[in-house]
Each structure stands twice: as C-alpha cells, then as structure tokens.
Amino acid sequence: MATRLQAARLLTLDAADRLDGGERCDLEAGMAKLFASEAAMRIALDAVRIHGAAGYSTEFDVERYFRDAPLMIVGEGTNEIQRNVIVRQLIDRHRLR
Ligand SMILES: Cc1cc2nc3c(=O)[nH]c(=O)nc-3n(C[C@H](O)[C@H](O)[C@H](O)COP(=O)(O)OP(=O)(O)OC[C@H]3O[C@@H](n4cnc5c(N)ncnc54)[C@H](O)[C@@H]3O)c2cc1C
C-alpha cells in the first residue's frame, strides 16, 4: 500500500514539475491520474479488508475512502479516457520518422 502511494506521489510530482517548467504534461498528468486513482481504489479496498467487518462501518474513515475512491476513477476524465490520452501522446512522441 505504501509503495503504491509513493509511486502515485512521484508520478504526480513529475507531472507538476513539468508544468512548473512551462512544458506540456498531458502524458505525465494522464499517467499520474490513472495510476493514483487506481492505487486509491486498491489501497482503500486493502484497508477495508484489514479492518474486517469494522471496515464496513461508518465509524471508521476507511469506509469513506472506499466510497470516494471510485469517483477518482470516473471523475476528471475517466481512466479509460486517460488511457486514450496516454497512448496518443506516446504515439506522438515516439513517431517513426
Ligand atoms: C460523484 C460524481 C461527481 C462528479 N463531479 C463532476 C464535476 O464536479 N464536474 C464535472 O465536470 N463532472 C463531474 N462528474 C461527471 C464525470 O466527470 C463523468 O461521469 C465522467 O466524465 C464520465 O462521463 P459519463 O458519466 O457521461 O459516462 P460516459 O461518457 O457515458 O462513459 C461511460 C463509460 O464508457 C467509457 N468510455 C466512454 N467513451 C470512451 C472511449 N472513447 N473510449 C473508452 N472508453 C470510453 C467511460 O470511461 C465510462 O467508463 C461527476 C461524476 C460523479 C459520479
């Protein structure tokens, strides 16, 4: 879980660095959004499982994270669309000359 979280952070910081440097970051931002939101879903599920039945209870924060995570996958450009953005950028950047 910590490894996924750290990887998501680093992808996000890489995209932000490029943007701060005045570069376009469609590819990097798409990768960061895709990876981070899928990581959020997986981490939230793992957290619910670790808590057992308590993970299903509204008394604990993990229940909220598990409800919120799917929105990250669908909102702000669904992850299917992010995959389309990523592949278009890859083809564009690595076009055979
Ligand atoms: C709780 C919640 C809050 C939201 N808040 C906001 C908000 O604040 N602002 C805002 O603008 N929007 C918001 N949305 C809308 C969200 O961005 C859209 O739901 C999302 O863009 C998908 O659009 P759609 O629901 O019309 O699904 P559709 O476009 O009908 O897509 C349905 C499915 O088909 C897939 N799909 C569609 N086209 C393609 C394609 N070309 N290739 C591959 N797969 C494809 C999609 O990825 C999706 O899985 C919110 C949604 C939810 C659930």
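The values are calculated or read from the model by the stated rules, or taken from the named source; none is laboratory data. Just so we're clear, the structure is a prediction, and the values are computed from it rather than from any experiment. Counting neighbours? That spans all protein chains shown, and the Cβs are built from the backbone with ideal geometry, glycine included. Keep in mind that these areas ignore ligands, DNA and RNA; they rest on the heavy atoms of the full protein, side chains included. Shrake-Rupley method; radii C 1.70, N 1.55, O 1.52, S 1.80 Å.
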Of the conditions (1) crowded, with 17+ Cβ neighbours inside 10 Å; (2) more than 16 Å from the ligand (Cβ to nearest atom), residue 38 clears all except one; give me its number.
-> (2)
If we scan the stretch 41-50, do we find a residue that is within 16 Å of the ligand (Cβ to nearest atom) and open to solvent by less than 40 Å² (accessible area, probe 1.4 Å)?
-> yes
Among the residues of the stretch 64-97, write down those that are among the hydroxyl-bearing types (Ser, Thr, Tyr) and open to solvent by less than 80 Å² (accessible area, probe 1.4 Å).
-> 78
In the stretch 1-13, how many residues are without any contact (Cβ under 8 Å) to a residue 40 or more places away in the chain, open to solvent by 40 Å² or more (accessible area, probe 1.4 Å) and of a type in the set (A, V, I, L, M, F, W, C)?
-> 5
Which of the residues spanning the stretch 14-35 are loosely packed, with under 12 Cβ neighbours inside 10 Å and closer than 20 Å to residue 90 by Cα?
-> 22, 23, 24
